[in-house]
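Working notes, structure below.
Just so you know, all these numbers are worked out from the coordinates, no wet-lab data involved. Model, not experiment: these values are computed from the prediction. FYI the Cβ positions are ideal-geometry reconstructions off the backbone, even for glycines, and counts take in every protein chain you see.
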Number of protein chains: 2
Amino acid sequence: MEKLYENFECLALSGGVGGAKLVLGLSKILSAEQLTVVANTGDDFKHLGLNISPDLDTIMYTLANLNNAELGWGQMGETWQFLQALDRLDEETWFKIGDRDLATHIVRTLKLDYGLTLSQVTEDLCRSLGVKHSVIPMTNDRVGTVVHTDTGESIPFQEYFVRDRCNPKVRNFDFQGIKTAFPSPGFLKSLNSPKLRLIIICPSNPFVSIDPILQVSGVLDRIVERRIPVVAISPIVGGQALKGPAAKMMRELGKTPSASTVAEHYLTVYGDILTGFIIDEEDRILESNLSGMGLQTTVTNTVMITLQDRINLAHESLRFANGFKI
Amino acid sequence: MEKLYENFECLALSGGVGGAKLVLGLSKILSAEQLTVVANTGDDFKHLGLNISPDLDTIMYTLANLNNAELGWGQMGETWQFLQALDRLDEETWFKIGDRDLATHIVRTLKLDYGLTLSQVTEDLCRSLGVKHSVIPMTNDRVGTVVHTDTGESIPFQEYFVRDRCNPKVRNFDFQGIKTAFPSPGFLKSLNSPKLRLIIICPSNPFVSIDPILQVSGVLDRIVERRIPVVAISPIVGGQALKGPAAKMMRELGKTPSASTVAEHYLTVYGDILTGFIIDEEDRILESNLSGMGLQTTVTNTVMITLQDRINLAHESLRFANGFKI
C-alpha cells in the first residue's frame, strides 16, 4: 500500500469530529511526511479569556487517541470540577470545558500571549501529545464565523452552535477577517509542494467548516492552479448529517439536505474545484445526478463507526483519487 | 458578646493559612460591618498566564467553608485532572492548581483583564461564594515579594515557597513595587473609619505576610496616627512555626525562633506599633521578656485545631484588646 503512495503528499481539509475520523484513517495509511491536515479555525473563539480552537483540538486529540468519543469534544475521561466551581462563581458555563481539556486552552493562550503563532502553538501541543502528523490551522490570523439568522440576529459561531444548540434558523454565514487572513505557513507549504498529489475535503460541514478554509486569501486560486485531484466526501448520508447541523442548515437555506446539495454547493461557490465525490452506499441513487454535474463519483461506506471503517474510507479515498489522470 | 462590640470595627491583617484560621474565628463573633480583613498580596503572581492570589484565596475559601484543610490551599475535594493534562503538555506543574481552584484564577484573570481592580474582583468572588465579611487586598497595585538567598540568588516568592519548598537559605526580602503601592480603597476606608477600634495582626509570617501589608505606602503612618490598640498573635509556638517557614527564616536571619523574636521584629522595624501581644501557653516563660520590651502580653491557647479553638482565640484577642485604654 505504502509503495503506491511513494513520493506522494496529501492535504486534508477538515472541520471537527467527522473530518477527524477520516483524518485518523488517513494517518494510519500515510506517513507524517505524506499527510498534512489543515483545520478550520473559523470556530475559534476567546472564552473566559482563553483561546479555544475546537477543530484543531478535536483533530489533535483524535490523532493522539485522547479524544472523548462520547462527547465529540474534549479529552477522554473528562471531569467537570472546574465547570462546577465556575458555576459557583456565577460565570457562564454553557461552553463545557473539561478539566483536562482546559490544560490545552491555558497552554495555547499562554503561548499565543508570548507571541507564538497558532501554528507554532499547535505544533508544540502536537509534539507533547505524540501526534506525528502535521495538524495545521488554516491561518494564523483571526477569523470568526458569524451566523446570520432569520430574525436578523448575528451570532458568533460557538454561541449559535453550543449555547443556542443550533436552534436559530440560519440565513447565511460570514467569516469575519477572512479577506485579510493569510494561509498559515504550513498550509502554504503543502499547497506549494511539488509532491502534493491530492487534496481531500473531509466529510465536514461545507458551510461552516470547509468554506472558511477555502476562502482564506489565495487558497482557492492556488488549489485551482495546482490541477491535482480534489476529492470530497459527503457529510450527508441519506439526507441526514451524521453529526452536527449541516442538514438543518440546508433546509433553512432552502435546499434539500442531500449529498448532491453538498456537491452542488462546492461547484456553485468554487467553480470546478471538485474532481471527485464520494457518497455513501445509501445514496447510490444520487450517482447519476452527480454525473450530470460532471462529477466522477464513487460509492462506498462513509459511515465511520469503527477504526477499520475510518481506515477503509481513507483507503477508498486514496484509491479513488489515484484513478484520476489530470 | 455582640453588645460589647457595638459601634466597633476591627481590622485584621492576615497572610494565608494561620491568619485565615483566626479570621474565621473573628467572623463568627463580629458582623460583616464590624470586621475587615486585609490580605497580603506580595505572594501574588502570574502563573500560566493566570493571576494567582494565594492569601486572598485561602481567606476567601476559609470564610466560604470551601478551603482544603489538608493541603492548606485550594478548595475542598480538589482533583488534579488539569494538572495531569498540563504535565502531559510538558508544562511546569510545581504549582499545584486543583481543578476547582482553577476556576477562581481564571475568573480573576478575566476580570482583571477587563479592567476591574483586584479589590473589585475579590468582592465579586466573595459575593459569589457567599462570603459576607470584607476580604480586601492590601493594595490594587502590583507588589512582588522576592527572596534574596545566601547564594546571592533572588527568587520570586512562590518559586522559593512552592517550587523550592523553602529550601534556599534566606538573607532578606524585597517587596518589589511596595513604595509606589497604595492601600486599596477598602483598606484605606477601614484605616480611616472613626469606628475603627482595633487592629489585629494575625498569627502569620511576619517577614513575608505581615511586613508587606505594613509597608504599603502610608499604612504604618496611618496606623500610628490612629492611636488604637494593635494586637499581634505570635505565629511561633515553642520555637516552632505552626505552619510555614517563619522559624526557619528566623534561624537563617541569625535570630532565635521564638515568639519574642516576632515581637522584637515588629518593634524594631515599626517602632512602638504593637500595643499587645498574644502568646501560647507553651511560651508562658517569655512573658517577662516581653514585658521588658514594654509589651502587654496575654497567654492563651493559640494553636487552632478546632473551629472552637479559632473562636476562642478570636474572643481572647478581642477581650484582651478591650482592656486597653488608649
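Rounded to whole numbers, the Karplus 3J(HN,Hα) couplings from phi for segment A:168-178 are x, 7, 7, 10, 6, 10, 9, 9, 4, x, 5 Hz, using 6.51 cos²θ - 1.76 cosθ + 1.60 with θ = phi - 60°, and x at Gly and Pro. Shortest first, B:GLN120 label-point distances to identical copies amount to 3.3 nm, with the label point at 7 Å from Cα along Cα→Cβ.
The ranking of B:ASP90, A:ASP101, A:ASP141 from fewest to most other beta carbons within 10 Å of each one's beta carbon is B:ASP90, A:ASP141, A:ASP101.
Evaluated at q = 0.13, 0.19, 0.20, 0.23 Å⁻¹, a Debye calculation over the C-alpha positions of segment B:153-239 (equal weights, vacuum) places log10 I(q)/I(0) at -0.55, -1.00, -1.06, -1.21. FRET efficiency for the pair B:ARG163 and A:ASN7, taken as 1/(1 + (r/R0)^6) with r the Cβ-Cβ distance and R0 = 51 Å, rounds to 0.55. Annotation: chain A has a Kirkwood hydrodynamic radius of 19.9 angstrom, from the mean reciprocal C-alpha pair distance.
Under a model in which nothing but the beta-carbon of Lys, Arg (+1) and Asp, Glu (-1) is charged, the protein assembly as shown shows a dipole of about 300 debye around its Cα centre.
One Cα centroid belongs to segment B:248-271, the other to segment A:279-326; the line between them spans 80 Å. Residues in segment B:284-295 carry Karplus couplings, in order, of 3, 4, 7, 3, 5, 4, 5, 4, x, 7, x, 9 Hz; the curve used is 6.51 cos²θ - 1.76 cosθ + 1.60 with θ = phi - 60°, and Gly or Pro positions show x.
Computed over all pairs of different Cα atoms, the Kirkwood value for the hydrodynamic radius of segment B:189-259 is 13.4 Å.
Across peptide A:91-100, how many C-beta atoms of other chains are within 10 Å of each residue C-beta, on average? If you can, show how the numbers build up before the last one.
Working: counts 6, 0, 1, 0, 0, 0, 1, 4, 11, 8.
That works out to 3 on average.
Sorted shortest first, the separations between the A:LYS248 label point and its copies elsewhere in the assembly read 5.7 nm; each point sits 7 Å from Cα along the Cα-to-Cβ line.
Remark: for residue pairs A:LYS46/B:LYS132; A:LYS111/A:LYS189; A:LYS46/B:LYS21; A:LYS28/A:LYS255; B:LYS28/B:LYS179; A:LYS111/B:LYS132, the C-alpha separation exceeds 29 Å in A:LYS46/B:LYS132; A:LYS46/B:LYS21; A:LYS28/A:LYS255; B:LYS28/B:LYS179; A:LYS111/B:LYS132.
Neighbouring Cβ atoms within 10 Å as the yardstick, rank B:GLU91, B:GLU281 fewest first.
On the way: B:GLU91 16, B:GLU281 12.
Fewest to most other Cβ atoms nearby, the residues stand as B:GLU281, B:GLU91.
Per the rotation superposing chains B and A, the chain B residue found at the smallest beta carbon distance from the axis is B:ASP99, 2, distance in Å. For the protein assembly as shown, the residue among A:GLY19, B:LEU24, A:VAL147 whose Cα projects farthest onto the positive side of the dipole built from Cβ charges is A:VAL147.
Once the Cβ-Cβ distance between B:ILE305 and B:ILE285 is put in as r, and R0 is 25 Å, what FRET efficiency do you end up with, to the nearest 0.05?
Details: r = 23 Å, r/R0 = 0.90.
Once rounded, the FRET efficiency stands at 0.65.
Starting from the Kirkwood radius over alpha-carbon pairs of the protein assembly as shown, derive D by Stokes-Einstein at 20 °C in a medium of 1.002 mPa s and give it in µm² s⁻¹. Diffusion coefficient, whole number: 76 µm²/s.
Each residue of segment B:308-315 was assigned a 3J(HN,Hα) from its phi angle through the Karplus curve 6.51 cos²θ - 1.76 cosθ + 1.60 (θ = phi - 60°); the sequence is 4, 4, 5, 5, 4, 5, 4, 4 Hz, with glycine and proline shown as x.
What share of the DSSP beta bridges in the protein assembly as shown is antiparallel, in percent to the nearest 5?
Bridges in the protein assembly as shown that DSSP calls antiparallel: roughly 40 percent.
Residue ranges B:18-24, B:222-228 sort as B:18-24, B:222-228 when ordered by packing (mean number of other C-beta atoms within 10 Å per residue, highest first). How high is the FRET efficiency between B:GLN240 and B:VAL146 when r is their beta carbon distance and R₀ equals 35 Å, given to the nearest 0.05? The pair B:GLN240/B:VAL146 has a calculated efficiency of 0.85. With a cut-off of 10 Å between beta carbons, the residues surrounding B:ALA314 carry a summed charge of +2, where Lys and Arg count +1 and Asp and Glu -1. Here the ratio of the Cα radius of gyration of segment B:219-320 to 2.2 N^0.38 Å is 1.07. Centroid-to-centroid, using Cα positions, segment B:67-126 and segment A:101-131 are 20 Å apart.
Subtracting the Cα-Cα distance of B:THR79 and B:ASP174 from 0.36 nm times their residue separation leaves 30.8 nm of extension gain. With label points set 7 Å from Cα along Cα→Cβ, the inter-copy distances at B:GLU225 are 7.2 nm, sorted shortest first. Taking the Cα centre of segment A:106-210 as reference, the dipole from Cβ charges on Lys and Arg (+1) and Asp and Glu (-1) amounts to some 440 debye.
Taking each residue as 0.36 nm, the span from A:LYS132 to A:LEU71 lengthens on full extension beyond its C-alpha to C-alpha distance by 19.5 nm.
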